[in-house]
Every structure is written in structure tokens, then in C-alpha cells.
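A short worksheet on the structure shown next.
The values are calculated or read from the model by the stated rules, or taken from the named source; none is laboratory data. From a predicted model like this one, the values you see are computed outputs, not experimental measurements. Virtual Cβ from ideal backbone geometry, glycine too; neighbours counted across all protein chains shown. In case anyone asks, the SASA skips ligands and DNA or RNA and just uses the protein heavy atoms, side chains included. Shrake-Rupley method; radii C 1.70, N 1.55, O 1.52, S 1.80 Å.
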Amino acid sequence: MTLGTTAACATPRRSTEPLARTRIVPLGTAGGPTLLDPARAGVSTAIVHADRIYLVDLGLGAYQRLVQSGIAPGLANGDLLENVRGIFFTHLHSDHIADWPALYVTGVSNAIGRTAPPIQVWGPGVRPTLPRVFPPGRPQPPVFEPGDPGPGTVGMTSHLRQAFATDINDRSRDSALAGPDTLFEVHDIDLAGIWTPDLDGEPPRLSAPIHIWQDGDVTITATLVDHHPTAPAFAYRFDTPDGSIVISGDTTVSKNLIDLAHDTDYLVHEVIDAQFAEQVVAHLPPDKAAPMREHLLSAHTTIEQVGAQVAQAARARNLVLSHLVPANNPIARWKLAQQGYSGRLVIGNDLDALNVGVSA
Ligand SMILES: [Zn+2]
Ligand SMILES: [Zn+2]
């Protein structure tokens, strides 16, 4: 298949602008589990406010990007995670969580001397049902791990503890390193009274955002986005004294997301090139082409939609494209998102620094 040409930047670059107190640092801007471009790590976004860091998703390579980013002053002292306050998973697809196992098991070795509170980790809870099979009528594929086929964030992390028990026990007995339980407090986002995900996974319109965490002067809220049939899938909003930032996660055009992003300073939104999706499915046999096309174009947001139908509708002042599918698309394709959008369009690059507000 033709996947387009490699993006203009061969290596990640850092911004040379003076840094504001609050900023967005895309650690990884590639979407999907297929690796296409050395200049783009798997999707992850850091929000820096004063001496605090919040991480949204941890795609493949994001952990190393955190090392490279320069936003973690404790690096040289073995305390890379010193300023990390929270980690937020939008959903549990592998391209959003692949570096969580690495960070989880090596975390205590990169938080040496930490006096800050444990890192708060949030994400989806247990999926109560498996998603529907597409197209309708296709034979049911085998269920992987039928005893626990849809673990949430807490369950997944519990499995990691089990998988890495050899290392954790070795280091606690030999080197007196505390285990990951002391560093991370993991939470499933409680949807009781809000929604029970069903086979189709299309969330209801919410009348108000979901409150996640008030961390000093930073307020973190979330909403349910439409990444059907994957559910629940969340977008997060960070309100700081310097401005607001919304991270879409994976979603098709979502009214809940538009509500959450209303009048926001920065909307960091996923995007897919529909032309790429058509190229991919054109090379697949019909029984595989239909499900792939359905996922790519019904569960994600196209270039034509993201500016005109999402950012413009939300009145977002800045639209930052991330979770780029395909990651190696020509930049000119992404620039088409400006059509129908009157705000500022930014094509996200790994390790850029986007200042929020004017405080230094
Ligand atoms: Zn994704
Ligand atoms: Zn996804």
C-alpha cells in the first residue's frame, strides 16, 4: 500500500520560544499501533503547569520522549518522575498505553528521593460487555481471556504487577526499592449513574462534564467521546489560571467533546486522513476491508471534519492536530484542516512547546 511520504522533520525538535508557566508538550503525535515514522512517537501529551506535569496517554516511545523533553528537572538525579502529578488514559487501546508497562515497572527507579505525593492515574473502568462484531452476522471470533476479557485501568495494572513480580520482588528484597504500589494510585473513572457501555458503545450526550480531580489551581474534567464500539473513551479538560486545554483522545465527531472544548484555548484533537483510509482498505479482501473501513472512518475524525465541524463548533482558539493517522502523511494534507476553521491551526510535532497564556 502507499503510505505517503515521510514527514518533513526527521528528528524531533524543541521549541526555541521563551517558555510560559503553562504549556503543552506533545511527547508523541503518531496515531495507531502501526509504526510509520521515526520522527513521531506513539501518542502522548504532556501538560506542564509551573512545576507540575500531567501526562495524557502513553503511546509507544512516549516514556523516552519524556526523557528527551527537558520538562523533567529531576532527570539527572534519578528522579525523572519528580514533577509528574497525574497520568490520564483516554482509553485502553494499545497505541495509547504501550509505554504504561515500562513506566509502571521502572517508575520507582526513576522516582528516587521522591517526596511528592503518589502519581494519580485515571482511566476507563471494566468494560461490562464485549463490543459487537462487525459487520453484523460475521461469525463471533474467539474471546481472548474469557475470564477477564475487558479489564479496566485498575485491572490492567494489577495484571502488570503480576507479570513483573520477579523484578519487583528482586528489587524490593535486594535494593530496598519500594514497589509500584507506593508510587502510583490507580483509579477507574466511575460511571455509575452516567452510563453503562453496551455492545455498540455509543455514549449518551452528557449534560455536564465528569469531575476527575482538583489539583491545587488545576481542575481536571472529562467527557465521554464516541470511539464506538470501543467504550468508554474519554476526553480530558485541564483548566489552569493561564488557560484551558482539551485533549480529545480517539473519537469521531462528538457533541460531548464540542461541549467540553467550548471556548477552550487549546484543543488537541486526533485526526485521520480519509484518503489514507481508502488506500488501506483498497488493498484488503472484502471481508477485512469493511470492518477496517468502519473503524477508521466511523470511530475517528477526518481532516475535513476536525477543523470545520469540531474546532469551529467549539470556538476553540487553537487547534493542535495529534494522533496523526498516518503518521508519515505529508504536512500539506494536515493543513487542509484549516478549511472552515477560523482559529489557529497547529500541526503537532513531538517535543514542541506550545505556550498557554502569557505568563513566564
Ligand atoms: Zn488511537
Ligand atoms: Zn483507539
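Looking at segment 230-252, which of its residues are away from ligand 1 (no atom under 16 Å from the Cβ), out of contact with any Lys or Arg (no Cβ under 9 Å at 6 or more places or on another chain) and in contact (Cβ under 8 Å) with a residue 24 or more places away in the chain?
Start the filter on segment 230-252 by keeping residues that are away from ligand 1 (no atom under 16 Å from the Cβ), which leaves 237-246.
So of that shortlist, the ones also out of contact with any Lys or Arg (no Cβ under 9 Å at 6 or more places or on another chain) come out as 237-239.
Arg237, Phe238, listed by residue number.
Filtering segment 308-356 down to residues that are under 21 Å from Glu278 (Cβ atoms) and of a type in the set (Lys, Arg), which residue is most open to solvent (accessible area, probe 1.4 Å)?
Out of the qualifying residues, it is Lys335.
To keep it simple, each residue is scored yes or no on (1) open to solvent by 60 Å² or more (accessible area, probe 1.4 Å); (2) over 21 Å from the mean Cα position of the chain (by Cα); (3) farther than 23 Å from Ile245 by Cβ; (4) more than 16 Å from ligand 1 (Cβ to nearest atom).
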position: His187; (1), (2), (3), (4): no, no, no, yes
position: Ala192; (1), (2), (3), (4): yes, yes, yes, yes
position: Asp200; (1), (2), (3), (4): yes, yes, yes, yes
position: Ser207; (1), (2), (3), (4): yes, yes, no, yes
position: Trp213; (1), (2), (3), (4): no, no, no, yes
position: Asp217; (1), (2), (3), (4): yes, yes, no, yes
position: Ala222; (1), (2), (3), (4): no, no, no, yes
position: His228; (1), (2), (3), (4): no, no, yes, no
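Quick check on segment 154-162. Is at least one of its residues open to solvent by 40 Å² or more (accessible area, probe 1.4 Å), aliphatic (A, V, I, L, M), closer than 17 Å to Gly107 by Cα and at pLDDT 95 or above?
Yes, segment 154-162 contains at least one residue that is open to solvent by 40 Å² or more (accessible area, probe 1.4 Å), aliphatic (A, V, I, L, M), closer than 17 Å to Gly107 by Cα and at pLDDT 95 or above.
Count, please, the residues in segment 251-290 that happen to be within 21 Å of Pro135 (Cα to Cα) and of a type in the set (D, E, K, R).
Residues meeting the conditions: 3.
Just one of Thr264, Thr252 is open to solvent by less than 40 Å² (accessible area, probe 1.4 Å), assigned to a loop (DSSP other than H, G, I, E, B), more than 16 Å from ligand 2 (Cβ to nearest atom) and within 19 Å of Ala316 (Cβ to Cβ); which is it? Working first, answer last.
On the way: Thr252 fails: more than 16 Å from ligand 2 (Cβ to nearest atom).
That would be Thr264, the only listed residue that is open to solvent by less than 40 Å² (accessible area, probe 1.4 Å), assigned to a loop (DSSP other than H, G, I, E, B), more than 16 Å from ligand 2 (Cβ to nearest atom) and within 19 Å of Ala316 (Cβ to Cβ).
I'd like to verify a number: residues in segment 44-68 that are open to solvent by 10 Å² or more (accessible area, probe 1.4 Å) and under 21 Å from Ile245 (Cα atoms), how many?
If we filter segment 44-68 for residues that are open to solvent by 10 Å² or more (accessible area, probe 1.4 Å), which is where we start, we get 50-52, 60-61, 63-65, 67-68.
In the following step, the residues that additionally are under 21 Å from Ile245 (Cα atoms) were identified as 50-52, 65.
Residues in segment 44-68 being open to solvent by 10 Å² or more (accessible area, probe 1.4 Å) and under 21 Å from Ile245 (Cα atoms): 4 in total.
Going by what's in this entry, would Gln275 be described as closer than 26 Å to Leu36 by Cβ, more than 15 Å from ligand 2 (Cβ to nearest atom) and either without any contact (Cβ under 8 Å) to a residue 40 or more places away in the chain or of a type outside the set (Val, Ile, Thr) (or both)? Spell out how you get there, then give the answer.
Working: closer than 26 Å to Leu36 by Cβ: yes; more than 15 Å from ligand 2 (Cβ to nearest atom): yes; either without any contact (Cβ under 8 Å) to a residue 40 or more places away in the chain or of a type outside the set (Val, Ile, Thr) (or both): yes.
Answer is yes for this residue.
If Glu202 meets every condition in (1) modelled with pLDDT of 95 or more; (2) within 22 Å of Leu55 (Cβ to Cβ) apart from one, which number is that one?
Evaluating Glu202 over (1) modelled with pLDDT of 95 or more; (2) within 22 Å of Leu55 (Cβ to Cβ) leaves (2) as the failure.
What helices (runs of 4 or more DSSP H) completely inside segment 16-132 contain at least 3 residues that are away from ligand 2 (no atom under 16 Å from the Cβ)? Outline the logic, then answer.
Details: elements: 62-69, 94-97, 100-106.
Counting at least 3 such residues, we get 62-69, 100-106.
Which members of segment 170-179 meet the condition of being part of a helix (DSSP H, G or I) and open to solvent by less than 80 Å² (accessible area, probe 1.4 Å)? Full working, then the answer.
Keep residues of segment 170-179 that are part of a helix (DSSP H, G or I), which gives 170-174.
Passing the criteria: only Ser172.
Could you pull out the residue among Thr196, Thr182 that is surrounded by fewer than 16 Cβ atoms within 10 Å (Cβ to Cβ), closer than 14 Å to Gly125 by Cα and modelled with pLDDT of 95 or more?
Selected residue: Thr196, the only one of Thr196, Thr182 that is surrounded by fewer than 16 Cβ atoms within 10 Å (Cβ to Cβ), closer than 14 Å to Gly125 by Cα and modelled with pLDDT of 95 or more.
Return the residue satisfying two criteria in turn: it lies in segment 69-101 and is among the hydrophobic types (A, V, I, L, M, F, W, C), away from ligand 1 (no atom under 16 Å from the Cβ) and under 14 Å from Leu183 (Cβ atoms), and of such residues it is surrounded by the fewest Cβ atoms within 10 Å (Cβ to Cβ).
Ranking the qualifying residues of segment 69-101, first place goes to Leu80.
Looking only at segment 267-302, count every residue that is part of a loop (DSSP other than H, G, I, E, B), open to solvent by less than 40 Å² (accessible area, probe 1.4 Å) and of a type outside the set (Gly, Ala, Ser) and tell me the total.
Of all residues in segment 267-302, those part of a loop (DSSP other than H, G, I, E, B) come to 273, 283-285, 299-301.
The next check asks that each one be open to solvent by less than 40 Å² (accessible area, probe 1.4 Å); those that pass are 273, 299-301.
With of a type outside the set (Gly, Ala, Ser) added as a condition, the list becomes 273, 300-301.
The qualifying residues number 3.
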